[in-house]
Amino acid sequence: MPEVEFTINTETGEMEMHIEGIKGAACRDVAKLAEELLGAPAREENTPEFYVRPQVQKQIQPKK
Amino acid sequence: MSKYLTFTDVVFTNKALLLAALADLGYSDVEQGEGLHLYGYRGDVRAERAEIVVRRRSIGSSSNDLGFARSGEGYTPIISEYDQRTLHDGKFVASLRAAYNERVVKEMQQRLRGSLRRETQGSVVKLKIRY
């Protein structure tokens, strides 16, 4: 199940975000939403999972 | 006279979430407009202008107005040196950032249509969205 984890340090107000269980472009969409609300991050790092391409199954349509 | 400090590295991108975060800290009486003047604790007009202002009457008699000036990226706080030192035990900007960030997480939870779990460990708040 996709998860987005946030850690807020109340002493400084700083926040870290970690996206888990979301591969490739879908992960980028969540990061884009965060950027829209928070602005550009001070640091950004892709986990190995980011580079895994989601498997898409080919759909074969039956002949009419 | 207290000097005003502008925190250019702290930018609140979303106006609605900034207003909600200010309300979370107890500042729900907010004035909005274009280039509003900021006033000092003696009622003196200051050189700084802002688009979102919390008037000193909502803060304390020794306080100055708090402002948020709009820039290309969002809203930047303009806070007097005195208020920066005294409000929220000298952690006003940090408290506002934390409140704003929590609002961001709630907004993301709604947009992702997920569930939210919140845990506090000392001065650290951990939030998890599952969707």
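The values are calculated or read from the model by the stated rules, or taken from the named source; none is laboratory data. The structure displayed is predicted, hence computed values, not measured ones. Please note: Cβ atoms are built from the backbone with ideal geometry, for glycine as well, and neighbour counts cover all protein chains shown.
Tabulated values for the structure
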{"quantity": "Residue that is nearest to the chain's Cα centre (by Cα), among those in segment B:78-131 that are of a type in the set (D, E, K, R) and within 26 Å of B:Ser61 (Cα to Cα)", "calculated": "B:Arg97"}
{"quantity": "Failed item, numbered, when B:Gly72 is tested on (1) under 28 Å from A:Pro41 (Cβ atoms); (2) at pLDDT 95 or above; (3) out of contact with any Leu (no Cβ under 7 Å at 6 or more places or on another chain)", "calculated": "(2)"}
{"quantity": "Subset tally (residues that are among the hydrophobic types (A, V, I, L, M, F, W, C), modelled with pLDDT of 90 or more and assigned to a loop (DSSP other than H, G, I, E, B)) for segment A:6-54", "calculated": "0"}
{"quantity": "Residue ID - nearest to B:Lys106 (Cα to Cα), chosen from residues in segment B:1-58 that are within 14 Å of chain A (Cβ to nearest Cβ) and part of a loop (DSSP other than H, G, I, E, B)", "calculated": "B:Asn14"}
{"quantity": "Test: residue in segment B:69-76 that is more than 9 Å from chain A (Cβ to nearest Cβ), over 30 Å from A:Arg28 (Cα atoms), out of contact with any Cys (no Cβ under 8 Å at 6 or more places or on another chain) and not aliphatic (A, V, I, L, M)", "calculated": "no"}
{"quantity": "Within segment B:68-77, considering residues that are in contact (Cβ under 8 Å) with a residue 60 or more places away in the chain and part of a strand (DSSP E or B), the one farthest from the chain's Cα centre (by Cα)", "calculated": "B:Ala69"}
{"quantity": "Residue check, B:Ser80 exposed (fewer than 14 other Cβ atoms within 10 Å of the Cβ), touching a Phe, Trp or Tyr at 6+ places or on another chain (Cβ under 9 Å) and not hydrophobic (A, V, I, L, M, F, W, C)", "calculated": "no"}
{"quantity": "Residues (surrounded by fewer than 19 Cβ atoms within 10 Å (Cβ to Cβ) and in a strand (DSSP E or B)) located in segment B:94-127", "calculated": "B:Ser115, B:Leu116, B:Arg117, B:Arg118, B:Glu119, B:Thr120, B:Gln121, B:Val124, B:Lys126"}
{"quantity": "Residue list for segment B:49-68, filter: surrounded by fewer than 20 Cβ atoms within 10 Å (Cβ to Cβ) and within 18 Å of B:Phe12 (Cβ to Cβ)", "calculated": "B:Arg49, B:Glu51"}
